[in-house]
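Each reported figure results from applying straightforward, stated rules to the coordinates on display, with no laboratory input. Here the structure is a predicted model, which is why all the values come from computation and not from measurement. When we count neighbours, we look across all protein chains shown, and the Cβ atoms used for this are built from the backbone with ideal geometry, even at glycine.
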Amino acid sequence: GIQVEQSPPDLILQEGANSTLRCNFSDSVNNLQWFHQNPWGQLINLFYIPSGTKQNGRLSATTVATERYSLLYISSSQTTDSGVYFCAVENYNQGGKLIFGQGTELSVKP
Amino acid sequence: DTEVTQTPKHLVMGMTNKKSLKCEQHMGHRAMYWYKQKAKKPPELMFVYSYEKLSINESVPSRFSPECPNSSLLNLHLHALQPEDSALYLCASSQDPWGQGWTTRSPLHFGNGTRLTVT
C-alpha cells in the first residue's frame, strides 16, 4: 500500500515565524488532505488538495502529484497553530482508504 | 464549531460495562466513519458506513459494534472492552458514498471525539 512520510516529526517555532511542512507519498494519489489536530484533540480539515495550490489565510498548501509530495506553509505563526499536522492520502485503486502520515508536531512559543 | 457532534466527550468504563458512543451530522453526508486514535499516533480507520450500510470493517474485534440507525446518526456500542482499548474515538463524515467506485474524494469532517478510558 501507499507509504506516507511527513517531515519534520517535530518543530518548535517562535511566534511570528514561518514554516514549511512536507508530506511525501510512495505512489500516485487521487486524494490528499491536510488536517490540524489541536492540543485538545480536535481534528480540523485544512485542505483537500490532490494537486495544485490553495490558500486559506495564513496557511497555504501545494501538491505536486507527479513528484509525489505536498507542502503545507504556515506564515506568521501563532500559538494557536500549535498541535499536530497530518497529511492523509488515498489511491482509489488501492482500497480507497485515507492513509495517514505520522504527523508533524508543531509547538509555537510566545 | 464542528458540524459533526459526538457524545459523550469523556467516558470511563469498566471491563464488564456496556456503553455506547454517539455521533450525529446534519450536512447530508452519505458516508460516516469511526476512527480510533492512540496518543501520539495518527487516526486508524475502524468502520465505514455508506448509505447507512456497513461498507468496511477493518478487522475490528467484536467487542466494538457499530450501528447506523439513519443517515445522520452513527453509534458505536462497546462491550467487554480491555484497558488497551482506551483511546480517542473519532467519528467523521464525508459527502461521497463508499464503494461502487466512490471513495473519500470530498473533505473528511471529524467530530471532537470521545476520550475513552477502560479501567
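Data table
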item	result
The stretch B:41-87 and the stretch A:52-80: distance between their alpha carbon centers, rounded to Å	32
No Cys partner within the rule (Cβ under 4.7 Å), chain B	B:Cys68
Fewest-first sequence of A:Ser19, B:Ser59 by Cβ atoms within 10 Å of each Cβ	B:Ser59, A:Ser19
Positive-end residue of A:Thr62, B:Asn57, A:Cys87, charge dipole of the protein assembly as shown with Cβ unit charges	B:Asn57
Cross-link table B:Lys9/B:Lys40; B:Lys18/B:Lys41; B:Lys22/B:Lys53; A:Lys109/B:Lys38, entries beyond 23 Å C-alpha to C-alpha	B:Lys18/B:Lys41; A:Lys109/B:Lys38
Sum of side-chain charges, B:Ala80 neighbourhood, beta-carbon under 12 Å (Lys, Arg +1; Asp, Glu -1)	+2
Convex hull (Cα only) mean projected area of the stretch A:1-86, reported in nm² to one decimal	5.6
Per-residue mean of C-beta atoms belonging to partner chains within 10 Å, peptide A:32-39	2
Environment charge of A:Ile2, counting only residues whose C-beta is closer than 13 Å and scoring Lys/Arg +1, Asp/Glu -1	-1
Peptide B:40-46, shielding by other chains (average Cβ, 10 Å cutoff)	5
Total charge dipole magnitude, chain B, about the Cα centre, Cβ charges on Lys, Arg, Asp, Glu only, Debye to nearest 20	280
Positive-pole candidate from A:Tyr48, A:Phe35, A:Ala17, dipole of the stretch A:1-87, charges at beta carbon	A:Tyr48
